[in-house]
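Undergrad: Before I ask anything, here is the structure I am working with.
The values are calculated or read from the model by the stated rules, or taken from the named source; none is laboratory data. Keep in mind the model is a prediction, meaning the values are calculated, not measured. Every residue, glycine as well, gets a Cβ built from its backbone with ideal geometry; the counts of neighbours run over all protein chains shown. Heavy atoms of the whole protein, side chains included, go into the accessibility calculation; ligands, DNA and RNA do not. Shrake-Rupley method; radii C 1.70, N 1.55, O 1.52, S 1.80 Å.
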Amino acid sequence: AKHQGRNRICMFKPEMNTIVQQRLQMEQAIRQGLFSKEFLVYYQPQADLSTGRLCGLEALVRWYHKEQMISPLAFISLAEQSGLITELDFYVFNTVCSQISQWKNELQGVSVAVNFSALSFMDAQFVPRIRTILEQYQVEPDWLKIEMTESILMHDADESLLKMQELRSLGIHFSIDDFGTGYSSLAYLKRFPFGQLKIDRSFISDVYTDPDSAALVRSMISMGHNLGITVIAEGVETIEQLGFLLKAGCDEIQGYFYSLPLPAEQCFHQLQHREQA
Ligand code: C2E
Ligand code: CA
Ligand code: CA
Ligand code: CA
C-alpha cells in the first residue's frame with residue numbers, strides 16, 4: 001500500500017504496475033514484430049483416413065522474437081485484447097496466400113486452413129480484405145479453409161451468416177474449430193455453411209481411457225456425417241487414438257502422430273515427396 005490517505009481506499013499496488021508495464025511492452029513488441037516480420041507460419045499436415053494420404057495443412061503462427069520461438073498460446077490473447085489480432089491474422093493470411101501461389105504445382109488436392117479470431121471476422125473490412133489478397137496472389141479460393149470457433153457466431157449470427165455465404169460463394173471453405181468445447185448444438189451450427197467440424201483435442205486425448213469421451217467422439221462423428229460434413233480429429237498422438245478414430249469412421253486426422261507443425265521449407269519437402277492419387 002502506497003498512499004494510505006484519508007479515504008482509506010488503496011487501489012495501487014506496485015506489482016500491478018509491473019504487470020501493466022509488461023503488457024504494454026509486449027504489445028509494443030508485437031507491433032514492432034509485425035513491422036519487422038518476426039512472425040512465421042508453420043504448417044501442420046492433415047491425413048485422410050481412407051487413403052492415409054496428406055490431404056490438408058493447417059497454418060499456425062509462431063513468433064521468432066529475441067532468438068526464441070514463441071507459441072501463439074503466449075501472445076494470441078494479448079493480441080486480441082490490444083486489437084492487434086486482426087493485423088496478425090491478415091499477416092498470416094497474406095503469408096499463406098503467397099506460399100500457396102508458389103506451391104501451386106505441389107499443392108494439388110491439398111487444402112490450407114487458416115485460423116481467424118472472432119474479432120478479425122467481425123471486422124467490417126474482413127470480406128474485402130480477403131478478396132483483395134486472393135486477387136493479389138491469384139489464389140484458387142477452393143484450396144482455402146477458414147477455421148473459426150463457434151463463439152464467432154454468437155455475437156451477430158445474421159451478419160456472420162452473410163459474411164460466410166459471401167466467402168463460400170467465392171469458393172472458400174469453413175471448418176468449426178475446437179468443436180465440443182462451446183455451447184452451441186450442431187443443429188444450430190447447421191444454419192451456417194460449414195463443410196467440416198474439427199473435434200477438439202481434449203476429447204481425443206482421453207478417448208482410450210474415458211468411455212464418456214469415446215461416446216462423445218462417436219456421436220460428434222455421426223452428427224457431422226448426418227449433416228453431410230466431414231469430421232477431422234485434432235491432437236491425435238497415439239496409434240490407439242488413431243485406431244479408435246478409424247473404427248468410429250472419422251474422415252481425417254491431425255496431430256503429432258502424423259506430423260508436427262513444420263516450417264515452410266520442410267512442409268514443401270513433404271508436399272514434393274508425397275504419394276498422389
Ligand atoms: P488450434 O487452432 O486448436 O491449433 C492446434 C494446436 O494444437 C496447435 O498449437 C498445434 O501445434 C497443437 N497440436 C497439434 N497436434 C498436436 C498434438 O498431437 N498434441 C498436442 N498436445 N498439440 C498438438 P499452437 O500452434 O501452439 O496454436 C495454439 C492456438 O493458437 C491454436 O489452437 C489457435 O487457436 C491459435 N492460433 C494459431 N495460429 C493462429 C493464427 O494465425 N491466428 C489466430 N487467431 N489464432 C491462431
Ligand atoms: Ca485451428
Ligand atoms: Ca483446434
Ligand atoms: Ca484446440
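Undergrad: Tell me, yes or no, whether the range 150-161 has at least one residue that is open to solvent by 80 Å² or more (accessible area, probe 1.4 Å), among the polar types (S, T, N, Q) and away from ligand 3 (no atom under 16 Å from the Cβ). Steps first, answer last, please.
TA: Within the range 150-161, the first condition is being open to solvent by 80 Å² or more (accessible area, probe 1.4 Å), and the residues that meet it are 154-155, 158-159.
Applying the additional criterion that residues be among the polar types (S, T, N, Q) yields none.
No, the range 150-161 contains no residue that is open to solvent by 80 Å² or more (accessible area, probe 1.4 Å), among the polar types (S, T, N, Q) and away from ligand 3 (no atom under 16 Å from the Cβ).
Undergrad: When both residues are 6+ apart or on different chains and their Cβ atoms are under 7 Å apart, which pairs have a first residue that lies in the range 201-230 and is part of a helix (DSSP H, G or I), and a second that is among the acidic types (Asp, Glu) and away from ligand 3 (no atom under 16 Å from the Cβ)?
TA: The qualifying pairs are Ser213/Asp206.
Undergrad: At pLDDT 95 or above, within 16 Å of ligand 2 (Cβ to nearest atom), buried (at least 20 other Cβ atoms within 10 Å of the Cβ) and in a loop (DSSP other than H, G, I, E, B) - does that describe any residue in the range 245-252?
TA: Let us first name the residues in the range 245-252 that are at pLDDT 95 or above, namely 245-252.
Now narrow it down to the ones that are within 16 Å of ligand 2 (Cβ to nearest atom): 252.
In the following step, the residues that additionally are buried (at least 20 other Cβ atoms within 10 Å of the Cβ) were identified as 252.
With in a loop (DSSP other than H, G, I, E, B) added as a condition, the list becomes none.
No, every residue in the range 245-252 fails to be at pLDDT 95 or above, within 16 Å of ligand 2 (Cβ to nearest atom), buried (at least 20 other Cβ atoms within 10 Å of the Cβ) and in a loop (DSSP other than H, G, I, E, B).
Matching residues to (1) touching a residue at least 24 places away in the same chain (Cβ under 8 Å); (2) more than 17 Å from the chain's Cα centre (by Cα); (3) open to solvent by 10 Å² or more (accessible area, probe 1.4 Å):
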{"site": "Phe93", "(1), (2), (3)": "yes, no, no"}
{"site": "Asn115", "(1), (2), (3)": "yes, no, yes"}
{"site": "Gln125", "(1), (2), (3)": "no, yes, yes"}
{"site": "Trp143", "(1), (2), (3)": "yes, no, yes"}
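Every residue, every condition in (1) open to solvent by 20 Å² or more (accessible area, probe 1.4 Å); (2) within 15 Å of ligand 2 (Cβ to nearest atom); (3) farther than 25 Å from Met122 by Cα; (4) not in a strand (DSSP E or B), yes or no:
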site	(1), (2), (3), (4)
Val61	no, yes, no, no
Met69	yes, no, yes, no
Leu73	yes, yes, no, yes
Glu87	yes, no, no, yes
Phe90	no, no, no, yes
Val96	no, yes, no, yes
Lys104	yes, no, yes, yes
Leu107	no, no, yes, yes
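Undergrad: Select from the range 224-241 the residues that are under 14 Å from Lys190 (Cβ atoms) and open to solvent by 30 Å² or more (accessible area, probe 1.4 Å) and list them in ascending order. Can you show your working first?
TA: Our first condition is that a residue be under 14 Å from Lys190 (Cβ atoms); within the range 224-241, this holds for 224-229.
Selection gives His225, Asn226, Leu227, Gly228.
Undergrad: Scanning for something under 24 Å from Leu107 (Cα atoms), at pLDDT below 95 and within 16 Å of ligand 2 (Cβ to nearest atom), does the range 129-148 turn up at least one residue?
TA: Yes, the range 129-148 contains at least one residue that is under 24 Å from Leu107 (Cα atoms), at pLDDT below 95 and within 16 Å of ligand 2 (Cβ to nearest atom).
Undergrad: Please specify each residue of the range 178-198 satisfying the condition of being away from ligand 3 (no atom under 16 Å from the Cβ) and in contact with a Lys or Arg (Cβ under 8 Å, 6 or more places away or on another chain).
TA: Correct list: Pro193 only.
Undergrad: Which of the residues that make up the range 162-185 are assigned to a helix (DSSP H, G or I) and either open to solvent by less than 10 Å² (accessible area, probe 1.4 Å) or within 16 Å of Lys145 (Cα to Cα) (or both)? Break it down into steps so the answer makes sense when it comes.
TA: Taking the range 162-185 and keeping what is assigned to a helix (DSSP H, G or I), we get 162-170.
Result: Lys163, Met164, Gln165, Glu166, Leu167, Arg168, Ser169, Leu170.
Undergrad: Spot the failing condition for Leu40; the list is (1) modelled with pLDDT of 95 or more; (2) closer than 30 Å to Leu197 by Cβ; (3) open to solvent by 40 Å² or more (accessible area, probe 1.4 Å); (4) not in a strand (DSSP E or B), and only one is missed.
TA: (4) is the only condition that Leu40 fails.
Undergrad: Within the group Ser169, Ser151, which residue is among the small types (Gly, Ala, Ser) and either in contact (Cβ under 8 Å) with a residue 60 or more places away in the chain or over 21 Å from Gly83 (Cα atoms) (or both)? Before you say what the answer is, go through the steps one by one.
TA: On the way: Ser151 fails: either in contact (Cβ under 8 Å) with a residue 60 or more places away in the chain or over 21 Å from Gly83 (Cα atoms) (or both).
After ruling out the rest, the residue left standing is Ser169.
Undergrad: Now for a separate question. Mind checking which residues of the range 127-144 are in a helix (DSSP H, G or I) and of a type in the set (A, V, I, L, M, F, W, C)?
TA: Taking the range 127-144 first, the residues in a helix (DSSP H, G or I) are 127-137, 141-143.
Of everything in the range 127-144, those that are in a helix (DSSP H, G or I) and of a type in the set (A, V, I, L, M, F, W, C) turn out to be Val127, Ile130, Ile133, Leu134, Trp143.
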